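I have placed the structure first, in the form of structure tokens, so that the comments after it can refer back to it.
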Amino acid sequence: MSVTALLDGSGDFGPDLVVGYEADMARDLRDQAFLASETITIPISAYLIEADGALLLVDTGLSDSRGPASGHLIEALARVGVRPDDIDAVLLTHLHPDHVNGLTRPDGGRAFSRAAVLVQEEEFAYWTDDAIVATMPDFRQANARAALETLAAYGDDVVLFGRTERLTNDIAAVALPGHTPGHTGFRLESEGETLLIWGDIVHLAAYQFARPDWGMVFDTDPKVAAETRRAILEAVAAEREMVAGMHLPFPGFGYVERRGAGFQFHAAEWQYGLEDRGSSS
Ligand SMILES: [Zn+2]
């Protein structure tokens, strides 16, 4: 099995997006991380998994729907010799725009012609329930409508899975609720090693490893999100398990260490992905 980080683009996060923000603490944490500005730029990544001859994509980036700082997923795939039509399945961590918008082209058609799209059942139920959507703030209703339109392009190729379902021999879903109700990580196992691709457990590495109680205004339930974040950080630190995240410093592979009342992220070694797929490139 191999896993390749794909950079779709970047986004800017100001303090107004942080739930629980404390200005003095935030300034100290930015100083420690050599960040000069209150607005922090984070990557928007996706991951390509090659296993048993299949090509799986975890999330699809934001597309260029918000401007040229994102929408580079297809270029990133081309650089490692993969065409969109080569993708067998897309696994979604959740249905926010920076994870699903890349499923469709600007004309609304499918970006990945052959791919099944795997969505966790509670996540799908939440965003497709008209009664729930009607109670959401406007920006969330717009996200819900956009996600539905995007999934509609895949029709019967949208496949739902359960909270902890095993999706292949080597990949299992891990329920990580709070950021969204069905927010899901994927645990990969290969030759005795594991990797947890944890989606949006951490958006702002400079803050949230030290202060896992700080959430994001995008969290459907910031309290549950914070509980989930602390629990999974404790688990991967105890197990010394490698993680990958869509908004961790690119390429986003690393390890978590307990540090005081919080945690510290250590980037893992990585290699440049070489184009070696003679038949598909
Ligand atoms: Zn995200």
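Return yes when Glu149 is of a type outside the set (A, V, I, L, M, F, W, C) and under 18 Å from the mean Cα position of the chain (by Cα) and no when it is not. Here the answer is no, as Glu149 does not meet what is asked. Taking the stated definitions as given, is Pro181 within 15 Å of Val19 (Cα to Cα) and at pLDDT 95 or above? Against the criterion (within 15 Å of Val19 (Cα to Cα) and at pLDDT 95 or above), Pro181 does not qualify. None of Asp157, Asp86 is in contact (Cβ under 8 Å) with a residue 60 or more places away in the chain and touching a strand residue (DSSP E or B) at 6+ places or on another chain (Cβ under 6 Å) except Asp86.
Within the range 31-47, one or more residues are within 15 Å of Asp86 (Cα to Cα), of a type outside the set (D, E, K, R) and either at pLDDT 95 or above or surrounded by 14 or more Cβ atoms within 10 Å (Cβ to Cβ) (or both).
Only a single item in (1) touching a Lys or Arg at 6+ places or on another chain (Cβ under 7 Å); (2) within 15 Å of the ligand (Cβ to nearest atom) is not met by His94, and it is number (1).
If we keep just the residues of the range 114-145 that are free of Cβ contacts under 8 Å to residues at least 12 places away in the same chain and of a type in the set (Asp, Glu), which is farthest from Arg166 (Cα to Cα)? Going through the qualifying residues, I end up with Asp138. Residue pairs whose Cβ atoms lie under 7 Å apart, sitting 6 or more positions apart in sequence or on different chains, and linking a residue in the range 89-102 that is within 20 Å of Arg114 (Cα to Cα) and part of a helix (DSSP H, G or I) to a partner that is acidic (Asp, Glu) and more than 10 Å from the ligand (Cβ to nearest atom), are Gly102/Asp8. Inspect all residues belonging to the range 196-216 and state whether any of them is out of contact with any strand residue (DSSP E or B) (no Cβ under 8 Å at 6 or more places or on another chain), touching a residue at least 24 places away in the same chain (Cβ under 8 Å) and away from the ligand (no atom under 15 Å from the Cβ). Yes, the range 196-216 contains at least one residue that is out of contact with any strand residue (DSSP E or B) (no Cβ under 8 Å at 6 or more places or on another chain), touching a residue at least 24 places away in the same chain (Cβ under 8 Å) and away from the ligand (no atom under 15 Å from the Cβ).
Scanning the range 48-68 for residues that are surrounded by 20 or more Cβ atoms within 10 Å (Cβ to Cβ) and among the polar types (S, T, N, Q) turns up Thr60, Ser63. Restricting the range 231-250 to residues that are more than 21 Å from Asp98 (Cα to Cα) and surrounded by 15 or more Cβ atoms within 10 Å (Cβ to Cβ) leaves a set whose member that is nearest to the ligand (Cβ to nearest atom) is Ile232. Restricting Ala111, Ala26 to those that are within 25 Å of Ser2 (Cα to Cα), in contact (Cβ under 8 Å) with a residue 40 or more places away in the chain and either crowded, with 20+ Cβ neighbours inside 10 Å or more than 16 Å from the ligand (Cβ to nearest atom) (or both) reduces the list to Ala111. Collect the residues in the range 46-80 that are in a helix (DSSP H, G or I) and among the small types (Gly, Ala, Ser), keeping them in residue-number order. Listed by number, the residues that qualify are Ala76, Ala78.
The values are calculated or read from the model by the stated rules, or taken from the named source; none is laboratory data. The structure displayed is predicted, hence computed values, not measured ones. Neighbour counts run over all protein chains shown; Cβ positions are idealised from the backbone, glycine included.
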